[in-house]
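The values are calculated or read from the model by the stated rules, or taken from the named source; none is laboratory data. Keep in mind that this is a model prediction, so the values were computed, not measured. Virtual Cβ from ideal backbone geometry, glycine too; neighbours counted across all protein chains shown. The accessibility values were calculated without ligands, DNA or RNA, using every heavy atom of the protein model including side chains. Shrake-Rupley method; radii C 1.70, N 1.55, O 1.52, S 1.80 Å.
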Amino acid sequence: QFGRTEVIDNTLNPDFVRKFIMDYFFEERENLRFDFYDVDSKSPNLSKHDFLGQMFCTLGEIVGSQGSRLEKPIIGIPGKKCGTVIVTAEELGCCRDSVLMQFCANKLDKKDFFGKSDPFLVFHRSNEDGSFTICHKTEVVKNTLNPVWQAFKISVRALCNGDYDRTIKVEVYDWDRDGSHDFIGEFTTSYRELSRGQSQFNVYEVINPKKKGKKKKYVNSGTVTLLSFLIETEVSFLDYIKGGTQINFTVAIDFTASNGNPSQPTSLHYMNPYQLNAYGMALRAVGEIIQDYDSDKMFPALGFGARLPPDGRVSHEFALNGNPQNPYCHGIDGVMEAYYRSLKSVQLYGPTNFAPVINHVARYAASVKDGSQYFVLLIITDGVISDMAQTKESIVNASKLPMSIIIVGVGPAEFDAMEELDGDVVRISSRGRFAERDIVQFVPFRDYIDRSGNHVLSMARLAKDVLAEIPEQFLSYMRVRGIKPSPAPPPYTPPIHVLQTQI
């Protein structure tokens, strides 16, 4: 039990006031249940009150509904209409501010034997238990005792966890090539102090406690001055979702022969009547979370690397439901059904070409660049890519579009090439052109198989890792294009119930 609303007396149309604060994670499925009771006494024991029904949903479903407002029927009493419930969600504002700050220093201690110091600043936020966590380092300014550092941007959450009076400790160091940086001194401040901006309050004496203890005449090791302080409210992923941006989800499944004959239990495509195969698990894990952000719940599902009936031509971009004009399936269940159906009709073949399905989604993404839609392509594959050069070219082109690509590798193969596509370490390039942003996330499914055989856990872990980067990839597209979120629809006001009186 997470919490209870207040009790509203004598009404069938209550408008509850109490709010509940919850942590929201795009990449996790957060299941919620609302139970409704008619209160008959002061007892906190629910069994002493009349059960009126319940509603099940996910937090993503509320957030992903138009205007973050979900209306659903209340169920749970057989044969009875239990009414409807309306749940709205809003993001808390305190977590969204960022600060742009700039500092300079004056007359810092000279630490280098031959030249002046090479100073840099390290910012720490204090934690509840009194310990400190590094939250920012400035660049090093070479050979000066009066450095001016570049302005930097940091979220208020990272700087002080949203607590304006919490201590912020700043250390000043002299940089050394061998990594043994010399400590010049430190000072403390708080967000509230810094927010006064440039003033006499924001000139700080840099103190080295060791020196202070040894030298009677010690004053300080220089001063650090705040030059500017600007608060910016960041728009968040949820602002776009609330403003109506839809996330379109497309699935592409590998039907190459290396998966093994689907009728054999050793095959990665084996249809076990008792549990999902790796393809089914990956599909459901990712799809069930993304579907909350797509209002029509219609998902195109494609296959690649198979020979198709009736003539046996090889295709790298065929509709799983057999309808090339309309490859959409209804909900994740519809996609699963189409996947199982096509396994019975196509012949697994090869090679493993990714570019056609990437280009398929890119064509759609290229037609809506106004921020109203964003495309996520999930590719599930067992093997080594045959068209690496074309795939890289497709990804570099797609990095300019509102889309992200998730690749889940199933089976025991070596996935070295996939790591290259992921682009986390080295940004992907093709013919001298680099990807505008990182849009690919690759994970091997075997890393998520729960040793105890708990598939629910495996799927939750998989979804968490592959979807964690999506909101940031989404925001980076919107920022680069200067697309602001659409205004949210006006808040819901409940209808006024007019009491009719007979005269």
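Descriptive notes on the structure:
- Of all DSSP beta bridges confined to the chain, the antiparallel ones make up roughly 70%.
- Rounded to the nearest Hz, the phi-derived 3J(HN,Hα) couplings of the range 96-101 under the Karplus curve 6.51 cos²θ - 1.76 cosθ + 1.60 (θ = phi - 60°) are 10, 7, 10, 10, 9, 10, where x marks glycine and proline.
- Interchain or long-range residues, amide H under 5 Å from H316's placed H: G305
- Amide H contacts of D112 (H built 1.01 Å from N, under 5 Å, at least 5 apart or other chain): S117
- Using the Karplus relation 6.51 cos²θ - 1.76 cosθ + 1.60 with θ = phi - 60°, the per-residue 3J(HN,Hα) values for the range 196-213 come to 6, x, 5, 6, 5, 5, 9, 10, 10, 7, 8, 10, 9, x, 4, 5, 4, x Hz, with x marking Gly and Pro.
- Each distinct pair of alpha carbons in the chain adds a 1/r term; the inverse of their mean, the Kirkwood radius, is 27.1 Å.
- Restricting the trypsin sites (Lys or Arg not before Pro) of the range 357-423 to loop positions (DSSP other than H, G, I, E, B) with no more than 14 neighbouring Cβ atoms within 10 Å leaves K369.
- Based on Cα contacts under 8 Å between residues 6+ apart, the range 294-416 shows a relative contact order of 23 percent.
- Over all Cα atoms in the range 318-358, the spread is summed up by Rg and Dmax: 11.1, 29 Å.
- Pairwise Cα separations in the range 344-408 fall into 5 Å bins from 0 onward with the following percentages, short to long: 4, 16, 26, 22, 15, 9, 6, 2, 0.
- In the range 220-279, chymotrypsin sites (Phe, Trp or Tyr not before Pro) in a DSSP loop with at most 12 other beta-carbon atoms within 10 Å: Y274
- Inter-label distance, K212 to M298: 6.9 nm, where each label sits 7 Å from its Cα along the C-beta direction.
- The Rg/Rh ratio of the range 371-475, with Rg taken over Cα atoms and Rh as the Kirkwood radius over Cα pairs, comes to 0.99.
- Applying the criteria of a DSSP loop state and at most 13 other Cβ atoms within 10 Å to the chymotrypsin sites (Phe, Trp or Tyr not before Pro) of the range 19-112 yields F20.
- Rg ratio (alpha-carbon, reference 2.2 N^0.38 Å) - the range 246-481: 0.95
- Probe 1.4 Å, all protein chains present, accessible-area order of L343, L100, largest first: L100, L343
- Put L12, L108 in order of accessible area, highest first, and with a 1.4 Å probe you get L12, L108.
- Relative contact order (percent, whole number), the range 1-91, Cα cutoff 8 Å, 6+ residue spacing: 19 percent
- Over 27 Å (Cα to Cα) - which of K110/K217; K80/K464; K344/K400; K169/K215 fall in this group: K80/K464; K344/K400
- Estimated vicinal HN-Hα couplings, Hz - the range 414-430 in sequence order (Karplus 6.51, -1.76, 1.60; Gly, Pro = x): 7, 10, 4, 5, 5, 4, 5, 5, 4, x, 6, 8, 10, 4, 5, 9, 9
- Its residues counted as N, the range 202-332 yields a C-alpha radius of gyration over 2.2 N^0.38 Å of 2.12.
- Percent of beta bridges antiparallel (DSSP, the range 367-436, rounded to nearest 5): 20 percent
- FRET efficiency, 1/(1 + (r/R0)^6) with R0 56 Å, evaluated for F434 and L46 via beta carbons: 0.40
- Shape analysis of the range 97-233 yields a ratio of the Cα radius of gyration to the Kirkwood radius, Rg/Rh, of 0.96.
- Solvent exposure ordering (accessible area, 1.4 Å, most first) of I231, I77, I380: I231, I77, I380
- Extension gain for the segment I75 to F113, taken as residue separation times 0.36 nm less the Cα-Cα distance, is 5.9 nm to one decimal.
- The range 1-91: mean projected area of Cα convex hull, nm²: 6.7 nm²
- Debye-sum result for the range 279-354 in log10 I(q)/I(0), which assumes one identical scatterer on each alpha carbon, at q = 0.12, 0.14, 0.15 Å⁻¹: -0.34, -0.45, -0.52
- For the chain, the relative contact order works out to 12 percent when only alpha carbon pairs closer than 8 Å and six or more residues apart are counted.
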